[in-house]
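The values are calculated or read from the model by the stated rules, or taken from the named source; none is laboratory data. Small disclaimer: the values here were computed from a predicted structure and weren't measured. As a convention, Cβ positions derive from the backbone with ideal geometry for all residues, glycine included, and neighbour counts pool all protein chains shown. Accessible surface is based on the protein model in full, side chains and every heavy atom, while ligands, DNA and RNA are left aside. Shrake-Rupley method; radii C 1.70, N 1.55, O 1.52, S 1.80 Å.
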Amino acid sequence: MTSRRQFLAIACGTVAAGQLYAQLDPNIQAKRKAALEAAIAKVVGDAPLREGKVKLDVPPLIDNGNTVPITVTVDSPMSASNHVKTIHLFTEKNPQPYVITAHLGPRAGRAMLSTRARIADTGRVIAIAELSDGTFWSDTVSVVVTLSACLEDGLI
Amino acid sequence: MARVAVTVPASAKRGEIIEIKTLAQHTMETGFRRTQTGELVPRDIITEFVCRYNGVEIFRAELRQAMAANPLIAFTTVATESGTLEFTWTGDNGYLANQKAEIKVV
């Protein structure tokens, strides 16, 4: 037998959930994927994107998506003729795919970037490095997020 | 008041690769969050970070909403000469923060 109090709790919960789902775009997954692909295409252009050289260091299991330590290192001598020009960082499931774009040069000595990002949901994190010879290299890591950043956006 | 912090070694050998860590106190409001009444909280983030070594730009970064609050940026540079490292953060709503650090190269 459902008490009056339980009934109210269930009813309120159902209404709240209904409103939440009403805000959700049914094609959100496809849109996010398209946004990520567009962002990568904007960076890479027509050049081929190859795997390797880049090492993306992200914890595979993230307790709190609001601050995720990320370190990107690129295997490069960082000389005047052969160095990393740019490091781009993308996430798959955030409301917008960009995280950071860092411009380095031969004066960096080592191609290393360390930062902290917000990750909304379980998905891929992608680092892309542009070398001085115009080639693009990438590394992708799949992460599991237990507490999401930007929850109120209704990502789950 | 914009509060920022940088970590730069006080002295280094010539040609040594030094690591620089920077931290800015900022909420990095994404512009995707809503208040309890359903209004969007406007975006307020740091959009650009620049580091200059004796006036020459050695590192620049464009930041987006997916950066965590109080953005930490760590990078490296070669200690070439004694002088000043200058850090500048710029962002939405006229946010501007500056910090300087001295380095002695022996």
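Computed values, structure above
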| read-out | value |
| --- | --- |
| Residue range of chain B that is longest and free of GluC sites (Glu not before Pro) which are both DSSP loop and sparsely packed (at most 14 other C-beta within 10 Å) | B:40-80 |
| A:Leu147, A:Leu113, ranked by accessible area, largest first (probe 1.4 Å) | A:Leu147, A:Leu113 |
| Gyration tensor (alpha-carbon) shape descriptor, the protein assembly as shown, a/c threshold 1.5 | prolate |
| Prolate/oblate/rounded call for chain B, Cα gyration tensor, a/c under 1.5 rounded | prolate |
| Accessible carbon and sulfur surface of the range A:29-145 relative to its total accessible area, %, 1.4 Å | 53 percent |
| Model label zone, B:Glu29; criterion: amide N under 19 Å from point 7 Å along Cα-to-beta-carbon; scope the range B:80-106 | B:90-97 |
| Total accessible surface hidden between A and B, rounded to 100 Å², 1.4 Å probe | 2600 Å² |
| Above-threshold pairs, the threshold being 32 Å between Cα atoms, out of A:Lys31/B:Lys21; A:Lys31/A:Lys53; A:Lys85/B:Lys100; A:Lys93/B:Lys13; A:Lys53/B:Lys13; A:Lys93/B:Lys100 | A:Lys31/B:Lys21; A:Lys93/B:Lys13; A:Lys93/B:Lys100 |
| Sites B:Asp92 and A:Val141 - FRET efficiency at Förster radius 45 Å, r taken between beta-carbons, to 0.05 | 0.90 |
| Sum of side-chain charges, B:Met28 neighbourhood, beta-carbon under 12 Å (Lys, Arg +1; Asp, Glu -1) | +2 |
| Residue order for B:Phe32, B:Phe87 - accessible surface, 1.4 angstrom probe, largest first | B:Phe32, B:Phe87 |
| Those aspartates and glutamates that a straight Cα-Cα span of less than 20 Å connects to A:Lys42, excepting residues fewer than 8 apart in one chain | A:Glu51, A:Glu92, A:Glu130, A:Asp133, A:Asp139, B:Glu48, B:Glu62 |
